[in-house]
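What follows is calculated from the coordinates using simple rules that are stated; it is not laboratory data. Every value quoted in this text rests on a predicted model; they were computed, and no experiment measured them. Cβ sites come from the backbone with ideal geometry, for glycine too, and all protein chains shown count toward neighbours.
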Amino acid sequence: MTVHPFPDGFLWGAATAGHQVEGNNTNSDTWFAEHVEPTVFMDVSGDACDSYNRWEEDVDLAASLGLNAYRFSVEWARVEPEEGLFDDDELGHYEGIVDRCRELGLSPIVTFNHFTAPHWFAMRGGWLDPDAPALFARYCRVVADRFGDRIGFAVTLNEPNITRMLTWMDLPPFVRELEAATLEACNVHAGVPRYRLSNVMLPEEIEEFAEGMEAGHRAGKAAIKEVCPDLPVGLSIAVMDDRVVGDDSSVRDRKRVECYGRWLGLAREDDFVGVQNYEAIPYDGAGEVKPDPGVPLNSMGSAIDPTSLAGAVRYVHDEAGVPIMVTEHGLCHEDDSLRVGFIPPAIAGLREVMDEGVPVIGYMHWSLLDNFEWIFGYSKHYGIVAVDRSTFERTPKPSAAVYSAIVRANGAEG
Ligand code: GAL
């Protein structure tokens, strides 16, 4: 357990993302891909958590836990439903969230692109389109213009490395086939040669996508900085705590170069980098070392290990050298008692890394709410607050109280 407090001003938050909680993001690429046949999405997002209407309750909930930050995303597809047409009401909607956060003492940490993009953008090939960075930058400028002066931190892109990282995981071959079939079905239904999304990707296009997204981050950041020069801007990266078993680190090292190299290099130029960690994976000279039988696993199949966060943060700081914001960290499981046991030691580990001299600005737990977990639909649960799927009633789980106690004690043993 943590025994001494975090620095004053440390940001304690919870994270959500628009498409996963708002519901009816009908002009987005992901909504479109959920509805084609076949589709890799197990569920349609539908009303999600109805947060488009209930966002005030969510923000109040975050404040009632004693948090001082809330990470959420602006949905590009709502703000620019047609190419070049910006919707003033939708900008006002997100501006309302920002202002309410500030009224309640929550620093708004705003993701400009959390995987989902407008349907029209995907029809153009998504990040493979040479104009994509400029199109993204135009949207970023409009958002920054509207309320960039009132947000705490801007995250341009969420996990542009996730699809590369997934190539290192043992997904059953049918998932890859279904992803390709989904994109093909999107092409047919949209009547375009190359309908592309940023979290359902063909392995052979991952590198070209990364180039588009890297350029997108640079252009988006420049646009935000033009409007709000003092606003800290960064991107968030999916980072496992990749460990070495034995004395051959070659596989682990190769994974690190492939999955994070480009992004950590890019982050060196930023104000901060977002770390998103969910697991520790050991590698020997032959590949991944699977957990021993009997080791408790999360619902995604990896060992439950609260020490992974510290390892991921330490590694990212060694490589990127800029301040860290933990923009996501959490546990996927039905059984909240596992989350109750997981959060305190993970946060204690984070404090230890800070004692070693690593600058960490804040910790955003993923997630405030049980929500739409992409291709897994509503079958996976990360929330510290449960959401009834028919009434949308929010019920804090015991882990919410545990996290809240840590926050109120500013990390000290409570
Ligand atoms: C991240 C993603 C989130 C959420 C989380 C849990 O990859 O940014 O949107 O889905 O994982 O799987």
(request) Using Cα pairs closer than 8 Å and at least 6 residues apart in sequence, work out the relative contact order for the chain, in percent. (result) 20
(message) I need Val200, Val142 ordered by Cβ neighbour count within 10 Å, fewest first.
(response) Val142, Val200
(request) Just tell me which aspartates and glutamates come within less than 13 Å, Cα to Cα, of Lys397; anything on the same chain fewer than 8 places away is out. (result) Glu334, Asp335, Asp336, Asp370, Asp388
(message) With a cap of 12 neighbouring Cβ atoms within 10 Å, and only residues DSSP puts in a loop, list the trypsin sites (Lys or Arg not before Pro) found in the stretch 232-336.
(response) Arg268
(message) At 0.36 nm per residue, and after removing the present C-alpha to C-alpha distance, how many nm does the segment from Glu211 to Arg268 gain when stretched out fully?
(response) 18.8 nm
(request) Take Asp335, Asp89, Asp370 and order them by how many other Cβ atoms sit within 10 Å, fewest up front. (result) Asp89, Asp335, Asp370
(request) Give me Asp87, Asp58 ranked fewest to most by other Cβ atoms within 10 Å of their Cβ, as a rough exposure proxy. (result) Asp87, Asp58
(request) Report the equivalent ellipsoid semi-axes for the stretch 279-414 in whole Å, largest first, defined as the square roots of five times the eigenvalues of the gyration tensor built from alpha carbon atoms. (result) 25, 21, 14
(message) Based on the alpha-carbon set only, what is the convex hull volume of the chain divided per residue, in Å³?
(response) 131
(message) Along the Cα→Cβ direction, 7 angstrom out, place labels at Ala180 and Asp60. What is the inter-label distance in nm?
(response) 5.1
(request) Mind giving me the nanometre distance, one decimal, between the label points for Lys290 and Arg218, set 7 Å out from Cα along Cα→Cβ? (result) 4.3
(request) Between Gly246, Gly96, Gly105, find the one with the highest GNM mean-square fluctuation for the chain; connect C-alpha pairs within less than 10 Å. (result) Gly246
(request) Along Cα→Cβ, 7 Å out, is where each label goes; now give me the distance between the ones at Leu128 and Arg194 in nm to one decimal. (result) 0.5
(request) Between Phe376 and Asn53, take the C-beta separation as r, use R0 = 41 Å, and let me know the FRET efficiency to the nearest 0.05. (result) 0.95
(request) Kindly provide the chymotrypsin sites (Phe, Trp or Tyr not before Pro) of the stretch 161-237 that DSSP labels as loop, not H, G, I, E or B, and whose Cβ sees at most 10 other Cβ atoms within 10 Å. (result) none
(message) At 222 nm, what value in deg cm²/dmol follows for the chain if DSSP H runs of at least 4 each add -39500 (n - 2.57) and the sum is divided by all its residues, to the nearest 500?
(response) -13000 deg cm²/dmol
(message) Could you work out how much longer the chain between Ala405 and Asp355 gets when fully extended? Use 0.36 nm per residue separation minus the Cα distance between them, nm to one decimal.
(response) 15.9 nm
(request) Report ³J(HN,Hα) in whole Hz for each residue of the stretch 205-214, in order, from the Karplus equation J = 6.51 cos²θ - 1.76 cosθ + 1.60 where θ = phi - 60°; Gly and Pro get x. (result) 9, 4, 5, 5, 4, 4, 4, x, 6, 4
(message) From the mean inverse distance of alpha carbon pairs (Kirkwood) and the Cα radius of gyration, derive Rg over Rh for the stretch 77-222.
(response) 1.01
(message) At R0 = 22 Å, how high is the FRET efficiency between Arg102 and Asp8 if r is their beta carbon distance? Nearest 0.05 is fine.
(response) 0.70
